[in-house]
1. Failed condition for residue 161, given (1) more than 14 Å from residue 96 (Cβ to Cβ); (2) open to solvent by 40 Å² or more (accessible area, probe 1.4 Å), with all others met?
2. Hey, can you tell me all the residues within segment 82-97 that are touching a residue at least 60 places away in the same chain (Cβ under 8 Å) and either among the aliphatic types (A, V, I, L, M) or in contact with a Lys or Arg (Cβ under 8 Å, 6 or more places away or on another chain) (or both)?
3. For segment 69-91, how many residues meet the condition of being assigned to a helix (DSSP H, G or I), under 22 Å from residue 127 (Cα atoms) and open to solvent by less than 30 Å² (accessible area, probe 1.4 Å)?
4. Against the definition (out of contact with any Ser or Thr (no Cβ under 8 Å at 6 or more places or on another chain), of a type in the set (Gly, Ala, Ser) and under 24 Å from residue 162 (Cβ atoms)), how does residue 92 come out, yes or no?
5. Restricting to segment 135-158, what's the tally of residues that are among the basic types (Lys, Arg) and either crowded, with 17+ Cβ neighbours inside 10 Å or closer than 24 Å to residue 190 by Cβ (or both)?
6. Which one of the conditions (1) exposed (fewer than 14 other Cβ atoms within 10 Å of the Cβ); (2) in contact (Cβ under 8 Å) with a residue 12 or more places away in the chain; (3) in a helix (DSSP H, G or I) does residue 117 fail to meet, given that it meets all the rest?
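The values are calculated or read from the model by the stated rules, or taken from the named source; none is laboratory data. On a predicted model such as this, the values are computed, not experimentally measured, just so you know. All Cβ positions, glycine included, derive from the backbone under ideal geometry; neighbour counts span all protein chains shown. Heavy atoms of the whole protein, side chains included, go into the accessibility calculation; ligands, DNA and RNA do not. Shrake-Rupley method; radii C 1.70, N 1.55, O 1.52, S 1.80 Å.
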Amino acid sequence: MLRPLLYLLSLIVGITNGHAKPVESIYLTKIEIASNREQVIIGRGLANDGVKVGADDLLEVGTVVDLQSIFLNLVNDHRKNLGLRRLIENEAMTAIAGQHSKDMAANGVSFGHKGFRERCSVISAELGETTACVENIGFGDKTPQEAFKSWLSNKKHRKHLENPKFTHSGLGYGVNADGTYFWTHMMIGR
């Protein structure tokens, strides 16, 4: 089933003196698809208070992107500014993070890190030996940009995002019946 929702962003088309320069407002129509990913279709619109996508994202009207890619671009832009290596998205991690978020949204598990060690073990079995595994969780933020901003404002979550040991990443989300988003971001070091 397709469920379009509206998100407001600012299109970033260039960097001037190290600052992103928004030049056109866009909207993202979110389309839920059958997999663990959502895709969004870029369209034109007006935004009063847009949030920036990654500085490397030159999005055209009609471009299809997904929420995980938007989030990973934000994380990797932030890490790049700190001189850290980019995280590599891993589909297995995305699926595992997505299932935890969906379980929290459906009240299958309470909001929290219950089952964290098991998730890390599954990831390790899937990808091979890992040196570290962490997860950030959150709820209430409606976009990957809001979740990223919330995690940056929390000392512990920010420490995870900025840890140079981490090499791979997976972001998942679930939405409850009230429309509240639950987010899980997992990172590992290899």
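1. (2)
2. Result: 82, 84, 85, 87, 88, 92, 93, 94, 95, 96, 97.
3. 4
4. On the way: out of contact with any Ser or Thr (no Cβ under 8 Å at 6 or more places or on another chain): yes; of a type in the set (Gly, Ala, Ser): yes; under 24 Å from residue 162 (Cβ atoms): yes.
Yes.
5. Taking segment 135-158 as the starting set, the residues that turn out to be among the basic types (Lys, Arg) are 142, 149, 155-156, 158.
Narrowing the set further to residues that are either crowded, with 17+ Cβ neighbours inside 10 Å or closer than 24 Å to residue 190 by Cβ (or both) leaves 156, 158.
Matching residues across segment 135-158 total 2.
6. Among (1) exposed (fewer than 14 other Cβ atoms within 10 Å of the Cβ); (2) in contact (Cβ under 8 Å) with a residue 12 or more places away in the chain; (3) in a helix (DSSP H, G or I), the lone unmet condition for residue 117 is (2).
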